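If you scroll down you'll find the structure; I have some questions about it.
The values are calculated or read from the model by the stated rules, or taken from the named source; none is laboratory data. Because the structure is predicted, anything quoted here is derived from the model rather than measured. Positions of Cβ are generated from backbone atoms using ideal geometry, with glycine treated the same way; all protein chains shown enter the neighbour counts.
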Amino acid sequence: MYVNVLIETRVKSNDMTFTYHVPDNLDKNLIGKRVLVMFNKRKVEAFVLEYTNPDIKYEIKDIISVIDDNQILNDELISLGKYMSEKYLCPLISCYQAMLPKALKANHKRTSGIKKLVYVKLNDNNVHNDIKIKSQIQIMNLLKDKKEVLKSSISSKSSLKKLIEKNVVIEFKREVYQKIGVENDIKEISLTNDQKLISQKITDNLLKDKVMLLYGVTGSGKTEVYIDVVKKVIKNNNSAIILVPEISLTPQITARFKGVFKDDIAIIHSSLSDSQRYDEYRRILKGEVKVVIGARSAIFAPLKNIGIIIIDEEHSESYKQENNPRYNTLDIAIRRSKTHNCPVILGSATPTIESFARAKKGYYELLMLQKRVNNKPLPKVMIVDMKNEMRKGNSIFSSLLKEEINSCLNKKEQVMLLLNRRGYANYLVCKKCGYTFKCPNCDITLTYHKTSGMLRCHYCGYGTKKLDICPVCKEKSVTNMGIGTEKLEEKIKEEFALAKVVRMDRDTTSKKGAHAKIINDFNDKKYDILIGTQMISKGLNFPNVTLVGVINADQSLNIPNFRSSEMTFSLLDQVIGRSGRADKEGKAIIQTFNPDHYSIICASKHDYLSFFNYEMNLRKKLNYPPYCFITLIKISSKDFNYGINEAKKIGTYLRDNLNNTVVLGPSISNVLKINNNYNFQVILKYKKDEKLYIILSRIIKIYEGNSKIKIDLDFNPINL
Ligand SMILES: [Zn+2]
Ligand SMILES: [Zn+2]
């Protein structure tokens, strides 16, 4: 018997499969398992993809051994990997690696993972009426009663040993799972009439492979609808995948799902340890769970009989993977829904322009929850023009925001403040000579982090001690400019001395469990003010928050990206929605230098539809998605001249060969240099171009194995 295996190797082609012989003494069920093979005189791990019957049989090597007892990639995932590799023109092996937890990836050093414990039970095939010793009888009675127990839990070791020797009791090993601590929150949910209606509409479509967009304003209770639908799916003996965008969201929503579905649920997210992830993956593989909840990669959960796939907060950028395979979670969801004949539910208060356009065109079914639960009003929003405030000398807090924070604190209610930039200062500059501190590896200014006294590069992670003396003019004139969350925290403590403040950003949440702790502590009112980056904008639910302040709404507007208005509207709408979610009325204040910008005005009125119409008009004029597709070709090289020259050749080649595509560039990427690599890009805009894949594949082939340059394709990129 012969099989084709996929090997991760740096030989010329990334995707070569190789044929090996299966010796008679090995397991014959090999598809989807890892095996050890000799390749280029090295022992390497490989995935078995298929059986084969080669013409020439004499030179074929034997498989050395089989690594997995059970299939780790089922047939569906094997075919899904091929689909991804073709769709995104990326190496097949990268697709399989993306699906598996670290502990199961090929060539992963298995230091963590499987933990086996020894159990004992009675040997049913051995009649054992001859036992007379009291301590041995006690053990046997215990085993009769409990069927099986941990060997280590039996105290009289010598008696147990005797019983094992007599073959009356047998030992066996079993893998144990690590339990993940999630608080059980057993709250009965009763749906509002609106929620019931939506739940029913989804239920009516449970056996169809269609996409439904659930557009529900913040606080309309989409989670309750999800739970209700998933209950019905499980009743039909099917399983469910629920995706959430970020880890900051998971503690509260997972707790709710865990409370309802108990042991039927597996939780996959990035803050699990490798072995915990592995354990969850095995529970799913073995069919021990019905519901999987997790971030992006949970879309690959090896569930059988999937009855529904829910993508919550579908507008989140986190659903797009930013390195190979650069997949869009929705593509994978739709592909799996076709395999399983089940619907995909996209949920959001601010759907992407593309999704909403598809729903309006009828490609997706549109479901709407337009009221908050029990008709609670949406927060009252005020826009503050910071140009006027600057004249008054208020650079961080406007008078209105100060006033409202104080009044909120007096009422013992809580405040959330959004500033979408971490660190202390945006950059350091010498007042004398104008020198700015830049990263030596990247073309980017370093961010000052005061707590650690460091200057850090947010692109490559480079760090260096902060200097007070300018390295160029040697004057003691280094000053910091701009504001990050760290400085905001300091300023709040100065301004509101009695308030207890907590900060949530990537710096304060790097430790495991830190996120959940901040969320729980704030929920328990141990703090009055929560400040944070966009991490605080989505999915969080704090009943006592009645004021949300946006320190600088312009930050995301200034990003050079055709989606910047959409991102701004979405961020503002989501964060405003954190205010007044329980019985107290909520308020929000947006500070901006662009008070007339349509995304800010629409967000202040909670008016998604007007924003959508305005944005669609602009996209049409400028020819951006959804009026076309965009593909980005990223070209990077350590050698600037070589990189730009090859980028020009690629641009010319594309222009010469594609007739129905607009080719833009090459141009310099947003950041020219990252990690000592110079970055260039060519942008393709098209509606339909049959030659596109052929031409792009040719380009990939030409540069394959060229170590001086890296070519990456990004279909529907988030960042341009
Ligand atoms: Zn200087
Ligand atoms: Zn850097």
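Which residue out of Tyr703, Tyr653 is farther than 19 Å from Arg326 by Cβ and surrounded by 13 or more Cβ atoms within 10 Å (Cβ to Cβ)?
Checking each option against the conditions leaves just Tyr653.
Residue check, Lys361 against (1) touching a residue at least 24 places away in the same chain (Cβ under 8 Å); (2) over 28 Å from Leu530 (Cβ atoms), all met but one. Which one?
Just one mismatch for Lys361, condition (1).
Still on this structure: How do the pairs read when you match residues in the range 472-500 that are over 19 Å from Lys450 (Cβ atoms) and part of a loop (DSSP other than H, G, I, E, B) with residues anywhere that are of a type outside the set (A, V, I, L, M, F, W, C) and more than 16 Å from ligand 1 (Cβ to nearest atom), using Cβ under 6 Å and keeping only pairs 6 or more apart or on different chains?
Here the result reads Ala499/Asp528; Lys500/Tyr527; Lys500/Asp528, each pair linking the range 472-500 to a residue that is of a type outside the set (A, V, I, L, M, F, W, C) and more than 16 Å from ligand 1 (Cβ to nearest atom).
Scan the range 358-379 for residues that are farther than 14 Å from Glu314 by Cα and either of a type outside the set (A, V, I, L, M, F, W, C) or in a helix (DSSP H, G or I) (or both) and report the count.
So the answer is 14.
Of all residues in the range 445-455, which are in a loop (DSSP other than H, G, I, E, B) and either buried (at least 16 other Cβ atoms within 10 Å of the Cβ) or within 16 Å of ligand 1 (Cβ to nearest atom) (or both)?
Leu446, Lys450
So in the range 501-518, with the set limited to residues that are assigned to a helix (DSSP H, G or I) and within 19 Å of the chain's Cα centre (by Cα), which one is surrounded by the fewest Cβ atoms within 10 Å (Cβ to Cβ)?
Among them, the one singled out is Ala514.
Another one. With the requirement that a residue be in a loop (DSSP other than H, G, I, E, B) and within 14 Å of Leu446 (Cβ to Cβ), what does the range 456-469 give you?
Cys457, His458, Tyr459, Cys460, Gly461, Tyr462, Lys466, Leu467
Search the range 423-436 for residues that are modelled with pLDDT of 85 or more and pair each with any residue that is part of a strand (DSSP E or B) and near ligand 1 (Cβ under 6 Å from one of its atoms) when their beta-carbon atoms are under 9 Å apart and the residues are at least 6 apart or on different chains.
Cβ pairs passing all conditions: Thr436/Cys430.
Got at least one residue in the range 360-372 being out of contact with any Pro (no Cβ under 7 Å at 6 or more places or on another chain) and either within 16 Å of ligand 1 (Cβ to nearest atom) or among the β-branched types (Val, Ile, Thr) (or both)? Reasoning before the result, please.
If we filter the range 360-372 for residues that are out of contact with any Pro (no Cβ under 7 Å at 6 or more places or on another chain), which is where we start, we get 360-372.
Filter once more, keeping what is either within 16 Å of ligand 1 (Cβ to nearest atom) or among the β-branched types (Val, Ile, Thr) (or both): none.
Within the range 360-372, none of the residues are out of contact with any Pro (no Cβ under 7 Å at 6 or more places or on another chain) and either within 16 Å of ligand 1 (Cβ to nearest atom) or among the β-branched types (Val, Ile, Thr) (or both).
Shifting gears a bit: Condition first: in contact (Cβ under 8 Å) with a residue 24 or more places away in the chain and either outside the structural domain of Asn238 (by TED's automatic domain parsing) or closer than 15 Å to Gly294 by Cα (or both). Can you find one or more residues in the range 321-329 that meet it?
yes
Here's a follow-up. Here is a list of conditions, (1) surrounded by 16 or more Cβ atoms within 10 Å (Cβ to Cβ); (2) away from ligand 2 (no atom under 16 Å from the Cβ); (3) not hydrophobic (A, V, I, L, M, F, W, C), and Asn426 meets all of them except one; can you say which number that is?
Every condition holds for Asn426 apart from (2).
Criterion first (among the charged types (D, E, K, R) and either within 16 Å of ligand 1 (Cβ to nearest atom) or surrounded by 14 or more Cβ atoms within 10 Å (Cβ to Cβ) (or both)) does Glu494 satisfy it?
Against the criterion (among the charged types (D, E, K, R) and either within 16 Å of ligand 1 (Cβ to nearest atom) or surrounded by 14 or more Cβ atoms within 10 Å (Cβ to Cβ) (or both)), Glu494 does not qualify.
Looking only at the range 45-57, how many residues end up being surrounded by fewer than 17 Cβ atoms within 10 Å (Cβ to Cβ) and under 35 Å from the mean Cα position of the chain (by Cα)?
Adding up the residues that qualify gives 2.
Still on this structure, I have one more. Which of the residues belonging to the range 665-690 are more than 16 Å from ligand 2 (Cβ to nearest atom) and farther than 20 Å from Tyr703 by Cβ?
If the condition is that a residue be more than 16 Å from ligand 2 (Cβ to nearest atom) and farther than 20 Å from Tyr703 by Cβ, then Lys685, Tyr686, Lys687, Lys688, Asp689, Glu690 are the ones that fit.
Residues checked against (1) surrounded by fewer than 21 Cβ atoms within 10 Å (Cβ to Cβ); (2) modelled with pLDDT of 90 or more; (3) not basic (Lys, Arg):
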| residue | (1), (2), (3) |
| --- | --- |
| Ile186 | yes, no, yes |
| Ile198 | no, yes, yes |
| Leu206 | yes, yes, yes |
| Tyr226 | no, yes, yes |
| Asn236 | yes, yes, yes |
| Ser239 | no, yes, yes |
| Leu243 | no, yes, yes |
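Moving on to the next point. Identify, from the list Ser610, Ser599, Ser604, the residue that is without any contact (Cβ under 8 Å) to a residue 40 or more places away in the chain and of a type in the set (Ser, Thr, Tyr). Outline the logic, then answer.
Numbers: Ser599 fails: without any contact (Cβ under 8 Å) to a residue 40 or more places away in the chain; Ser604 fails: without any contact (Cβ under 8 Å) to a residue 40 or more places away in the chain.
Exactly one residue qualifies, and that residue is Ser610.
In the range 22-29, is there at least one residue being β-branched (Val, Ile, Thr) and surrounded by fewer than 20 Cβ atoms within 10 Å (Cβ to Cβ)?
There is at least one residue in the range 22-29 that is β-branched (Val, Ile, Thr) and surrounded by fewer than 20 Cβ atoms within 10 Å (Cβ to Cβ).
Under the condition of being part of a loop (DSSP other than H, G, I, E, B) and of a type in the set (A, V, I, L, M, F, W, C), which residue from the range 420-439 is farthest from ligand 1 (Cβ to nearest atom)?
Taking the candidates together, the pick is Cys439.
Something else now. Kindly evaluate Leu418 against the criterion of being within 32 Å of the chain's Cα centre (by Cα) and modelled with pLDDT of 85 or more.
Yes, satisfied.
Another question, if that's okay. Just to check your reading of the model, which residue among Cys460, Cys442 is farther than 29 Å from Val501 by Cβ and either surrounded by fewer than 18 Cβ atoms within 10 Å (Cβ to Cβ) or without any contact (Cβ under 8 Å) to a residue 60 or more places away in the chain (or both)?
It is Cys460.
Moving to a separate point now. For the range 463-488, enumerate the residues that are within 16 Å of ligand 1 (Cβ to nearest atom) and surrounded by 17 or more Cβ atoms within 10 Å (Cβ to Cβ).
Filtering the range 463-488 down to residues within 16 Å of ligand 1 (Cβ to nearest atom) leaves 466-481.
Correct list: Lys466, Cys470, Val478, Asn480.
So is Asp521 surrounded by 17 or more Cβ atoms within 10 Å (Cβ to Cβ), over 30 Å from Leu672 (Cβ atoms) and more than 16 Å from ligand 2 (Cβ to nearest atom) or not?
Values: surrounded by 17 or more Cβ atoms within 10 Å (Cβ to Cβ): no; over 30 Å from Leu672 (Cβ atoms): yes; more than 16 Å from ligand 2 (Cβ to nearest atom): yes.
It is false that Asp521 is surrounded by 17 or more Cβ atoms within 10 Å (Cβ to Cβ), over 30 Å from Leu672 (Cβ atoms) and more than 16 Å from ligand 2 (Cβ to nearest atom).
Picking from Cys433, Cys470, Cys457, which residue would you name as being within 16 Å of ligand 2 (Cβ to nearest atom), hydrophobic (A, V, I, L, M, F, W, C) and more than 30 Å from Val545 (Cα to Cα)?
When all the criteria are applied, what remains is Cys457.
Going by what's in this entry, would Arg283 be described as part of a helix (DSSP H, G or I) and crowded, with 21+ Cβ neighbours inside 10 Å?
When the stated conditions are applied, Arg283 does not pass them.
Among the residues of the range 624-650, count how many are surrounded by 15 or more Cβ atoms within 10 Å (Cβ to Cβ) and either of a type in the set (Asp, Glu) or in a strand (DSSP E or B) (or both).
Summing the residues that are surrounded by 15 or more Cβ atoms within 10 Å (Cβ to Cβ) and either of a type in the set (Asp, Glu) or in a strand (DSSP E or B) (or both) in the range 624-650 gives 10.
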